[in-house]
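*Asks:* My questions all concern the structure below.
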Amino acid sequence: MNMKIIIAGDGKVGNTLTRKLSIEGHDLTLIDVKSDVIERSVEQYDVMAIHGNCASMHVLMEAGIKNADMLIAVTGADEINLLCCLTAHNLNRDIHTIARIRNPEYADQIYKMRDAFGLSLTVNPEKMAAVEVERVVKYPGFLKRDSFVKGRVQIVELRVDGDSPLDKLRLYELNNVLHCNVLVCAVQRNGTVEIPDGNFVLYEGDRIFVTGPTNELAALLKGMGIITNKVRRVMICGGGKMSFYLAQQLQRTGIDVEVIEQDKERCVELATALPNATIVNGDATSSDVLDSEGIDDYDAIVTATGLDEMNIIISLYAKKHGVPQVITKVGHMENAHIEESLPIGSVIRPKEFCCNHIVQYVRAVQNKVGAALAIHSIADGQAEAMEFVVDTTTKNTGVQLKDIKMKKQVLVVSISHGNITEFSSGSSCFHVGDKVVVVASGGHVIQQLNDIFE
C-alpha cells in the first residue's frame, strides 16, 4: 500500500527523500518557501508542490493534510519543523509526523514532550553522523563499518590501492591468498555498483564491501598489510554540532580530543560544554595552525567544517602528513564520484544517515509486518544492506540458497539462527525466526524479504 506523504522543506534532505520515496511509488506533495526550488523538483519527479510556509495551517490544508498518512518536516529550522508537526497532528490525529531536530539544547525536552508535539519520530543528522564517526574511529583500517543483528554481522568498506594484494585478484582466490574467510558482497567501480561472483577481478581504485566474522575481518586487514593501533588522540577541525556530539562521545571512551574552530564565540561555548577537551581558536585550513598543533602526532583527524571543499583540502593535507586515520564530513551528496577518486579516507554524509532512518520508518509504517529491522546505504547510496526477520509468510524457508531463484544484483549475506550466525554459502538455508542480511543494488526496492525472489 503506497502512502500519501507530505515533505516540508525541499533542501538537500528533502530532495533526497523525494527521489527515494518517489522511486518507491508514494504519492508525494512538497512544501517550500522558495518557488524556484520546488519548481526544480516538480520537473525532476512526479510530485505535487505547494509554495508557502509549511507551519501555516492554511498551507498544510492546501497540501491535503487531512488525508495524508505522513508528514516529514526537514526545513532548516528546528522550530518550524516542530510547529509544522504540531499543527499537522492537530489537523489530522492519525498522521505520522517526523521532524528533523538538530539543536542539542532541544534534545531533552523533545524526548519528554514528544507526545505534546505530536511527534512519531525525530532525526538528528549530526548526532547520527557522530555515532558513525565514533564507530569508524574505534575500528581503524576500514573506511566504513555497518552493523546488523546486534553487532554480530558487520559490512565493512575498503579501497583497493595499487600496492594492495587485492589488485588484479579474482574473488575466488581471495581467501587463499589473504588467509581469511570473508565474503565480498558489493564492489563499486567508476561510480557503478556490482554484486560480484567468484570470477570477478578486483582492480586498483575499487571500493569493496566485505562481510565476515570479526576475527576474519581482522585477518583480512593483516593480509592486506594494514596495521591498526588503538586511537588515543583525535583532532576535529570545525566546531559545529557534529563536532560537539563527537567530542562528547569520544571523551566518554577515554580518547583525548582537540577541536580547532575559527569563531571565537563558538570556542567559548565549546570550552564551557566540553571542559576536558582542548579547544583551539584558529583556522583549520591553515597549514601553519595544523603544524603548530602537531598534526603528525594524532592518530585520527576528522574534518568537519561547514564547507566540503575545506574538509577535502584539510584531509588531503593530513593524508600527506601520514595521519593514520582520516575522516571527511561531506554535506553535498551529489559529488560522490569526485570524492571517490581522492585519498580523503572515510567519507561521512550526515544527510544520508538522516534519509536512511526516515526511509526505514516509512517502510515500517507501510508494511507493518515484515519491514526491515535495519537499513544502511552503501556505495554512495547505490546499494542497500538490510536486515529482515524470516516469518511464516516468507517463501523458500528450508530451501538451500543455490536452489532459490533470486533477482539479479541481490545477495543473501548472512543468516543468524539465534546466537549463531553463518555467512552465506550455496548450502545455507533460513527458517522462521532467523535473521537474514541482504545486499541489493541495481535500483531494486526491497520492502520485505519476499521481494528478493524472482
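The values are calculated or read from the model by the stated rules, or taken from the named source; none is laboratory data. Just so it is clear, the model here is predicted, and its values are computed rather than measured. Using ideal geometry, Cβ is built from the backbone for each residue, glycine included, and neighbour counts are taken over all protein chains shown.
*Asks:* What number of residues in the range 390-413 are of a type outside the set (Lys, Arg) and touching a Gly at 6+ places or on another chain (Cβ under 7 Å)?
*Replies:* Just the residues of the range 390-413 that are of a type outside the set (Lys, Arg), to begin with: 390-394, 396-401, 403-404, 406, 409-413.
If we keep only those that are touching a Gly at 6+ places or on another chain (Cβ under 7 Å) as well, we get 390-391, 393, 400-401, 409.
Counting residues in the range 390-413 that are of a type outside the set (Lys, Arg) and touching a Gly at 6+ places or on another chain (Cβ under 7 Å) gives 6.
*Asks:* Conditions: (1) crowded, with 17+ Cβ neighbours inside 10 Å; (2) part of a loop (DSSP other than H, G, I, E, B); (3) not charged (D, E, K, R). Residue 393 meets all but one. Number of the miss?
*Replies:* Just one mismatch for residue 393, condition (1).
*Asks:* Please specify each residue of the range 154-183 satisfying the condition of being hydroxyl-bearing (Ser, Thr, Tyr), part of a helix (DSSP H, G or I) and within 21 Å of residue 139 (Cα to Cα).
*Replies:* Of all residues in the range 154-183, those hydroxyl-bearing (Ser, Thr, Tyr) come to 164, 172.
Those still in the list that are part of a helix (DSSP H, G or I) too: 172.
Once the filter is applied, which keeps residues that are hydroxyl-bearing (Ser, Thr, Tyr), part of a helix (DSSP H, G or I) and within 21 Å of residue 139 (Cα to Cα), the range 154-183 yields nothing.
*Asks:* Pairs, please: C-beta under 8 Å, at least 6 apart or cross-chain, first residue over 11 Å from residue 314 (Cα atoms) and in the same structural domain as residue 255 (by TED's automatic domain parsing) and in the range 286-302, second basic (Lys, Arg) and assigned to a strand (DSSP E or B)?
*Replies:* As it stands, the answer is 297/233; 298/233; 299/233; 300/233, since those pairs meet every condition given.
*Asks:* May I ask you to say which residue of 380, 283, 299 is over 24 Å from residue 16 (Cα atoms), buried (at least 18 other Cβ atoms within 10 Å of the Cβ) and acidic (Asp, Glu)?
*Replies:* Numbers: 380 fails: over 24 Å from residue 16 (Cα atoms); 283 fails: buried (at least 18 other Cβ atoms within 10 Å of the Cβ).
Only one candidate passes the filter, namely 299.
*Asks:* Which residue, of 252, 207, 189, is more than 20 Å from residue 329 (Cα to Cα) and outside the structural domain of residue 273 (by TED's automatic domain parsing)?
*Replies:* Details: 252 fails: outside the structural domain of residue 273 (by TED's automatic domain parsing); 207 fails: more than 20 Å from residue 329 (Cα to Cα).
Being more than 20 Å from residue 329 (Cα to Cα) and outside the structural domain of residue 273 (by TED's automatic domain parsing) holds for just one of 252, 207, 189, which is 189.
*Asks:* Scanning the range 131-174 for residues that are of a type outside the set (A, V, I, L, M, F, W, C) and at positive phi, which turns out surrounded by the fewest Cβ atoms within 10 Å (Cβ to Cβ)? Working first, answer last.
*Replies:* Our first condition is that a residue be of a type outside the set (A, V, I, L, M, F, W, C); within the range 131-174, this holds for 132, 134-135, 138-141, 144-147, 150-152, 154, 157, 159, 161-165, 167-168, 170, 172-173.
Imposing the further condition that a residue be at positive phi reduces the set to 141, 150-151, 168.
Numbers: 141: 20, 150: 10, 151: 8, 168: 11.
Looking at residues that are of a type outside the set (A, V, I, L, M, F, W, C) and at positive phi, I get 151.
*Asks:* Going through the range 205-230 one residue at a time, which ones are among the small types (Gly, Ala, Ser), in a loop (DSSP other than H, G, I, E, B) and either at pLDDT 90 or above or within 24 Å of the chain's Cα centre (by Cα) (or both)? Let's see the steps before the verdict.
*Replies:* Taking the range 205-230 as the starting set, the residues that turn out to be among the small types (Gly, Ala, Ser) are 205, 212, 218-219, 223, 225.
With the extra rule that they be in a loop (DSSP other than H, G, I, E, B), the set shrinks to 205, 212, 225.
Answer for the range 205-230, where residues must be among the small types (Gly, Ala, Ser), in a loop (DSSP other than H, G, I, E, B) and either at pLDDT 90 or above or within 24 Å of the chain's Cα centre (by Cα) (or both): 205, 212.
*Asks:* Which residue, of 432, 436, is surrounded by 18 or more Cβ atoms within 10 Å (Cβ to Cβ) and among the β-branched types (Val, Ile, Thr)? So that I can check it myself, show each step before the final result.
*Replies:* Values: 432 fails: surrounded by 18 or more Cβ atoms within 10 Å (Cβ to Cβ).
Step by step, each of 432, 436 is checked, and only 436 is surrounded by 18 or more Cβ atoms within 10 Å (Cβ to Cβ) and among the β-branched types (Val, Ile, Thr).
*Asks:* A follow-up question, please. I'd like to know if the range 380-389 contains one or more residues that are touching a residue at least 24 places away in the same chain (Cβ under 8 Å), under 19 Å from residue 121 (Cβ atoms) and either more than 12 Å from the chain's Cα centre (by Cα) or not assigned by TED's automatic domain parsing to the domain that holds residue 441 (or both).
*Replies:* Within the range 380-389, one or more residues are touching a residue at least 24 places away in the same chain (Cβ under 8 Å), under 19 Å from residue 121 (Cβ atoms) and either more than 12 Å from the chain's Cα centre (by Cα) or not assigned by TED's automatic domain parsing to the domain that holds residue 441 (or both).
*Asks:* Output the number of residues of the range 37-85 satisfying the condition of being over 17 Å from residue 114 (Cα atoms) and in a strand (DSSP E or B).
*Replies:* 4
*Asks:* Checking the conditions here, which among 377, 414, 425 is in a loop (DSSP other than H, G, I, E, B) and within 28 Å of residue 180 (Cα to Cα)? I'd like the intermediate steps shown before the answer.
*Replies:* Numbers: 377 fails: in a loop (DSSP other than H, G, I, E, B); 414 fails: in a loop (DSSP other than H, G, I, E, B).
After ruling out the rest, the residue left standing is 425.
*Asks:* Let me ask you something else. Restricting to the range 86-128, give me the number of residues that are part of a helix (DSSP H, G or I), within 16 Å of residue 54 (Cβ to Cβ) and modelled with pLDDT under 90.
*Replies:* Going residue by residue through the range 86-128, those that are part of a helix (DSSP H, G or I) are 86-91, 104-112, 114-117, 125-128.
Filter once more, keeping what is within 16 Å of residue 54 (Cβ to Cβ): 86-91, 117.
Of the ones still in play, those that are also modelled with pLDDT under 90 are 117.
The total comes to 1.
*Asks:* Only residues that are touching a helix residue (DSSP H, G or I) at 6+ places or on another chain (Cβ under 8 Å) and either closer than 24 Å to residue 181 by Cα or of a type in the set (Val, Ile, Thr) (or both): list them for the range 390-405, please.
*Replies:* 390, 393, 394
*Asks:* Let me ask something else. Looking at the range 184-200, is at least one residue among the hydroxyl-bearing types (Ser, Thr, Tyr), outside any strand (DSSP E or B) and modelled with pLDDT under 95?
*Replies:* no
Per-residue answers, yes or no, for (1) surrounded by 17 or more Cβ atoms within 10 Å (Cβ to Cβ); (2) at negative phi; (3) at pLDDT 90 or above; (4) out of contact with any helix residue (DSSP H, G or I) (no Cβ under 9 Å at 6 or more places or on another chain):
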| residue | (1), (2), (3), (4) |
| --- | --- |
| 320 | no, yes, yes, yes |
| 339 | yes, yes, no, no |
| 347 | yes, yes, yes, no |
| 359 | yes, yes, yes, no |
| 362 | yes, yes, yes, no |
| 369 | no, yes, no, yes |
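*Asks:* Please go through the range 1-25 and pick out each residue that is over 22 Å from the mean Cα position of the chain (by Cα) and either in a helix (DSSP H, G or I) or not hydrophobic (A, V, I, L, M, F, W, C) (or both).
*Replies:* Scanning the range 1-25 gives 2, 4, 25.
*Asks:* Output the residues belonging to the range 175-186 that are crowded, with 18+ Cβ neighbours inside 10 Å and either in contact with a helix residue (DSSP H, G or I) (Cβ under 6 Å, 6 or more places away or on another chain) or more than 20 Å from residue 426 (Cβ to Cβ) (or both).
*Replies:* Within the range 175-186, 178, 180, 182, 184 meet the criteria.
*Asks:* Yes or no: the range 55-71 includes at least one residue that is crowded, with 16+ Cβ neighbours inside 10 Å, touching a helix residue (DSSP H, G or I) at 6+ places or on another chain (Cβ under 7 Å) and more than 17 Å from residue 4 (Cα to Cα).
*Replies:* yes
*Asks:* For the range 99-128, give me each residue that is hydrophobic (A, V, I, L, M, F, W, C) and in contact with a Phe, Trp or Tyr (Cβ under 6 Å, 6 or more places away or on another chain).
*Replies:* Of the range 99-128, the ones hydrophobic (A, V, I, L, M, F, W, C) are 99, 101, 107, 110, 113, 116-117, 119, 121, 123, 128.
Result: 121, 128.
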